[in-house]
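Before any comments, here is the structure.
The values are calculated or read from the model by the stated rules, or taken from the named source; none is laboratory data. On a predicted model such as this, the values are computed, not experimentally measured, just so you know. Neighbour counts run over all protein chains shown; Cβ positions are idealised from the backbone, glycine included. The accessibility values were calculated without ligands, DNA or RNA, using every heavy atom of the protein model including side chains. Shrake-Rupley method; radii C 1.70, N 1.55, O 1.52, S 1.80 Å.
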Amino acid sequence: MKKDELARLQAYLRKTFGASTLEVRPQPKKDDMAEVFINNEFVAALYREVDEGETSYQLQMAILDMDLEGV
């Protein structure tokens, strides 16, 4: 993903989730994927999909059972 695309996605996700420390970082080995971090901790993968000329983004977040302990 390009720098300006990453910046727009980061601004959108920060606003949507109310997380000012959220960062969208490029995934160096893939140009259709980025990684999402909050407080420098990896939380999700972000994929760009282009279908019939329309671009969409998919946020994929795994929540482990052990992450739910004590909640």
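Count the net charge of all other residues whose Cβ sits under 15 Å from the Cβ of R48, scoring Lys and Arg as +1 and Asp and Glu as -1.
That sum, taken over residues with Cβ under 15 Å, equals -3.
Could you state the angle between the C-alpha long axis of helix 3-17 and the longest principal axis of the C-alpha atoms of the chain, as a value from 0 to 90 degrees rounded to the nearest 10? Approximately 40 degrees, to the nearest 10.
Accessible area per residue for the chain, computed on protein heavy atoms with a 1.4 Å probe, is 80 Å². Straightening the chain between A7 and Q27 buys 5.8 nm, computed as 0.36 nm per residue apart minus the Cα-Cα spacing. P(r) for the chain, from all Cα pairs and a bin width of 5 Å, is 3, 15, 25, 25, 16, 9, 5, 2, 0, 0 %, short bins first. Carbon-plus-sulfur accessible fraction, the chain (probe radius 1.4 Å, protein heavy atoms only): 50%. Sites listed here are trypsin sites (Lys or Arg not before Pro) in the chain whose DSSP assignment is loop and whose Cβ has at most 11 other Cβ atoms within 10 Å: K2, K29. When GluC sites (Glu not before Pro) are flagged only if DSSP places them in a loop and at most 12 other Cβ atoms lie within 10 Å, the longest unflagged stretch of the chain comes out as 1-51.
Distance between the pseudo-spin-label points of A45 and V71 (7 Å out from Cα toward the beta carbon): 2.0 nm. Using just its DSSP H runs of length 4 or more, each adding -39500 (n - 2.57), the chain gives a mean residue ellipticity at 222 nm of -7000 deg cm²/dmol after division by all residues.
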